[in-house]
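Every read-out reported here was derived from the displayed coordinates using simple, explicitly stated rules and does not represent laboratory data. The structure presented is a predicted model; accordingly, all values stated were derived computationally and were not measured. As a convention, Cβ positions derive from the backbone with ideal geometry for all residues, glycine included, and neighbour counts pool all protein chains shown.
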Amino acid sequence: MTDLEKLMEFYEPNEKRPFGNSNIEMDVAEILGWELFEDENGEKHLSKQQYEKAVRLTKLVKESYCG
């Protein structure tokens, strides 16, 4: 199953929370099981590349869903 197909299973047509939470890029990372960078406070963050990929995938999901 591709990343796009995995995300399509979770997508809901809600602009602010298409994958359940308001942090869309982190939702994508969680759904796809990405390993995240953890800062000194224990907070998890996406790398620049992960963020950019999450944005691209989210756009593709919306385009696939909305036609």
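Here are the numbers for this structure:
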| read-out | value |
| --- | --- |
| Principal axis box of the stretch 3-66, alpha-carbon based, largest edge first, Å | 40, 19, 16 |
| With Cα atoms, 0 to 90° folded angle of helix 48-66 axis to the chain main axis | 20 degrees |
| Segment VAL55-LYS6, extension gain: residue separation times 0.36 nm, minus the distance between their alpha carbons | 16.1 nm |
| Debye, to nearest 20: dipole size of the stretch 3-66, +1 on Lys, Arg Cβ, -1 on Asp, Glu Cβ | 320 debye |
| Gain in span if fully extended, SER22 to PHE37, counting 0.36 nm per residue against the direct Cα distance | 3.4 nm |
